[in-house]
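A.B. asks: Just dropping this structure here.
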Amino acid sequence: MSFERIKEKLNILADAAKYDISCSSSGSKRANKGGLGNSDGVGICHSYTEDGRCVSLLKILLTNHCIFDCAYCVTRKSNDIKRAAFKVQEVVDLTMNFYRRNYIEGLFLSSGIFNSPDTTMERLVQVAKKLRLEENFNGYIHLKSIPGASDELMQEAGLYADRLSVNIEIPTVSGLKLLAPDKKHEDFIKPMEAVKNSIQIYQSEKKIIKSTPKYAPAGQSTQMIVGATGESDRDVMYSAAYYYKKYKMKRVYYSGYIPVANDSRLPALGSPVPLLRENRLYQTDWLLRFYGFDIRELLNNENQNLDLDIDPKLSWALRNREIFPLDINRADKLLIARVPGIGLKSVHKIIEARKYRKLNWEHLKKIGIAYNRARYFITCDSNSFEKRDLSSIQIKGLILQNSTSKFRKDYSSQLSLFN
Amino acid sequence: MKTGTQLFYDGSYEGFLTCVFSAFEEKLNVNGIFTEATSQGNMFAKSMNITTDLEKAQRVISGLKRKIPSESYRHIYFAFLSELEGIELLLFQYIKLAFKEEKFSSKDFGNPIILKINQISKKVSREKHRMEAFVRFQLTKDDIFYATIEPDFNVLPVILKHFETRYADQKWIIYDLKRNFGLFYNLQECSYININFKSTEHLNSSNTSIYSTSEIEFQKLWQEYFESTNIKSRKNMKLHLQHVPKRYWKYLTEKSTWQN
């Protein structure tokens, strides 16, 4: 292979693929039967870029030629950039050679839409098929579901891929109309629906016939751009909750909009990426998936946007003081998970440890709770606990006074605006 | 009060377990367990040299496995691999608890010894996971994928299985330069090896008398990819360093620089 030419393509097509956040390589089990590679359910981040993001998969576009002109996208038709395309075999060779050197867990292949959605999807499937059948590759493969691709192709894709994803990108239908006039909302939903159905069929067949092949064992995911169309956090998270429920998504990713175009419909080039907002959305996502919260508890008509200065669990706790303080030695596991400053790992440790002795502050600190936040919401085997009748605003003030956040500069300026 | 005894052993896991065996058998009041190589310990205290005895070690292992679940046993082995100063004595206290306390549980996190061993074992697990991520193979002329590592803890024995399963169809070597031993997989099985490096030329990827001629090209492609996939407007070096601490850069193809 000509390394110079490959290098140039890789440069263009990795650069164009990087706005897809997902790099997850977990959730799939694939044994190695005499070939190369495996997935044992646990993902591995082989490296991290200087922006702090995990590098787990070789994430590239097959091509950045595209017939669509979506305003938020760097590969849109009207954008004057260098275009390139990989041959199927080139992607296969790169994947194998990177994998053999332990650089990656596998491949994440996406593409601009050339010719038609079906031609594009068919080419993506070809790469995965070749890796699985000809190279005996058992590493992780994530394929993009191309909006508008046929059900038959999606059916085939799932036989070779571990995960399939289609990006919603714009959380509201009106936003999509504004920024991607040639794309229809239904086009995104169609492959999602097809994959969801196939996953269910294969799973129920597997229960009866053990030799049923795997179909997208790591499930589906999607991504939304945040901060491009003035949507509220409630809009974003209600959409997310809908996709989790309706399409059984494994993950929804939130991507703070990175200005890639001078377009009056969008934030100007050079506007800062809303990193703090993105962070709060992920925290909310975690509260939904792991902590037993319902989205309506965290965001609703009265609270359409998340607080930037404190985390969403603390915001919720400050609005629901009647539940606290909880006795850490007696309270239910699900309630302890709702205490600000106590994460799931600490919840687990507390539940185990309290079987053997009553826990006091020393124990809790060693276990690793965030004392500065948790102390206002719990009691334990100790006479010292918060006895003052503090208002929620006072508690918030005390917590902020004693904490340092890397984001402080981002919200303190906003506060002073209103003072 | 009886004065304590210090035990000295050869540094192996079996050697340590032999210490545990002797301490129980002879009802010793142990107040330190050290490897022979170190000059730690109190020169005025009573000391004993313990010779590694595989049979005795095996009896301690079987005893432990009867008494505690395999997950808790794993904490003992992993914590031992940390090689931290004083870990042997701490583990000895832990094992004493496991044998003597009727209600022993490795999840009794209110007990400082149990919590400490759990945390150290977690640290070793993390290093194991890191090495599974950070190993960078380079293809030699003899078709062996070779990698050098210098992990914080002695994790080579516990990453064996991962690499053996994953890279079943290629020959490979992972060499721990800090502890001077390595793993060699020959397409059939894995074995421990020692290499007597005469120079540091094996660290030079562009040396074509050792490495395949395309090796350096793939490394350049990987570096290129690593650069291109970074989003500059989201730069966050603090997070980057938290995930990839500088001490690991040396053998990471994407973070190292070489002369052309």
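A.B. asks: At a Förster radius of 56 Å, what calculated FRET efficiency corresponds to the Cβ-Cβ distance of A:Phe290 and B:Thr3, to the nearest 0.05?
C.D. replies: Using R0 = 56 Å, I get an efficiency of 0.60.
A.B. asks: Along the Cα→Cβ direction, 7 angstrom out, place labels at A:Lys245 and A:Arg319. What is the inter-label distance in nm?
C.D. replies: Those two pseudo-labels are separated by 1.7 nm.
A.B. asks: Measure nothing but the geometry: give the 0 to 90° angle between the long axis through the Cα atoms of B:54-67 and the longest principal axis through the Cα atoms of chain B, rounded to 10°.
C.D. replies: 80 degrees
A.B. asks: For region B:1-112, please report how many Lys pairs fall under 23 Å Cα to Cα, leaving out neighbours fewer than 8 apart on the same chain.
C.D. replies: Step by step, the pairs that qualify in region B:1-112 add up to 26.
A.B. asks: Could you point to the residue in B:Phe184, B:Ile159, B:Ser199 farthest towards the positive end of region B:157-202's charge dipole, with +1 and -1 charges on the Cβ of Lys/Arg and Asp/Glu respectively?
C.D. replies: Result: B:Ser199.
A.B. asks: Calculate, for A:Ser2 and B:Leu84, the FRET efficiency according to 1/(1 + (r/R0)^6) with r their C-beta to C-beta distance and R0 56 Å; round to the nearest 0.05.
C.D. replies: According to the calculation, E is roughly 0.65.
A.B. asks: In peptide A:8-16, how many Cβ atoms from other protein chains are near each Cβ within 10 Å, on average?
C.D. replies: Mean partner-chain Cβ count within 10 Å for A:8-16: 3.
A.B. asks: To the nearest 20 Debye, how big is the dipole of region B:1-142 about its Cα centre, given +1 on the beta carbon of each Lys and Arg and -1 on that of each Asp and Glu?
C.D. replies: The calculation lands at about 540 debye.
A.B. asks: Oh, and also: What distance in nm lies between label points placed 7 Å from Cα along the C-beta direction at A:Lys33 and A:Leu390?
C.D. replies: 6.0 nm
A.B. asks: For B:Lys198 and B:Met237, calculate 0.36 nm times their separation in residues minus their Cα-Cα distance, and state this gained length in nm to one decimal.
C.D. replies: 10.3 nm is the gain from fully extending B:Lys198 to B:Met237.
A.B. asks: Also, quick follow-up: Helix A:88-100: angle to the longest alpha-carbon principal axis of chain A, degrees 0 to 90, nearest 10?
C.D. replies: Orientation of helix A:88-100: about 50 degrees from the principal axis.
A.B. asks: Percent relative contact order of chain A, based on C-alpha pairs within less than 8 angstrom and at least six residues apart?
C.D. replies: 10 percent
A.B. asks: Using only the alpha-carbon atoms, how far is helix A:275-290 inclined from the longest principal axis of chain A? Give it as 0 to 90 degrees, nearest 10.
C.D. replies: Helix A:275-290 sits at roughly 80 degrees to that axis.
A.B. asks: Taking the dipole about the Cα centre of chain A, with the C-beta of Lys and Arg at +1 and of Asp and Glu at -1, give me whichever of A:Gln155, A:Trp361, A:Asn115 is farthest to the positive side.
C.D. replies: Farthest towards the positive pole: A:Trp361.
A.B. asks: Lysine pairs in region A:42-155 with Cα distance under 24 Å, only those 8 or more apart or on different chains: how many are there?
C.D. replies: The number of close lysine pairs in region A:42-155 is 14.
A.B. asks: Rounded to two decimals, what is the ratio between the C-alpha radius of gyration of the protein assembly as shown and 2.2 N^0.38 Å?
C.D. replies: Relative to the 2.2 N^0.38 Å estimate, the protein assembly as shown comes out at 1.07.
A.B. asks: Do any GluC sites (Glu not before Pro) in region B:171-260 lie in a DSSP loop with no more than 14 other beta carbon atoms within 10 Å, and if so, which?
C.D. replies: Those satisfying the criteria are B:Glu189.
A.B. asks: Enumerate lysine pairs in region A:312-418 that are 8 or more residues apart or on different chains, then count those whose Cα atoms are under 12 Å apart.
C.D. replies: Counting lysine pairs in region A:312-418 gives 4.
A.B. asks: If you don't mind, there's one more thing I want to ask. Suppose the chain between B:Ser191 and B:Phe99 were pulled fully straight at 0.36 nm per residue; how much longer would it get relative to their current alpha carbon spacing?
C.D. replies: Result for the pair: 29.7 nm of gain on full extension.
A.B. asks: Let me ask something additional. Output the relative contact order of region A:312-418, whole-number percent, from Cα pairs under 8 angstrom with separation of 6+ residues.
C.D. replies: Normalised by residue count, the contact order of region A:312-418 is 28 percent.
A.B. asks: So, in nm, how far is label A:Gln283 from label A:Ile201 when the simple model puts each one 7 Å beyond its Cα toward the Cβ?
C.D. replies: Modelled inter-label distance: 4.3 nm.
A.B. asks: Roughly how big is chain A's charge dipole about its Cα centre, with Cβ charges of +1 (Lys, Arg) and -1 (Asp, Glu), in debye to the nearest 20?
C.D. replies: 1380 debye
A.B. asks: Run lengths n ≥ 4 of DSSP H only: what is the helix-derived mean residue ellipticity at 222 nm for chain B, with -39500 (n - 2.57) per run over all residues, to the nearest 500?
C.D. replies: So the calculated ellipticity at 222 nm is -13500 deg cm²/dmol.
A.B. asks: Same structure again: Between the DSSP loop rule and a limit of at most 12 other Cβ atoms within 10 Å, which GluC sites (Glu not before Pro) in region A:40-146 are left?
C.D. replies: Here no GluC sites (Glu not before Pro) fit, given the DSSP loop and packing criteria.
No value in this document is a laboratory result; all are computed from the given coordinates. Everything numeric here is computed off the predicted structure, so don't read it as measured data. Neighbour counts are summed over all protein chains in view; Cβ atoms, including those assigned to glycine, are modelled from backbone coordinates with ideal geometry.
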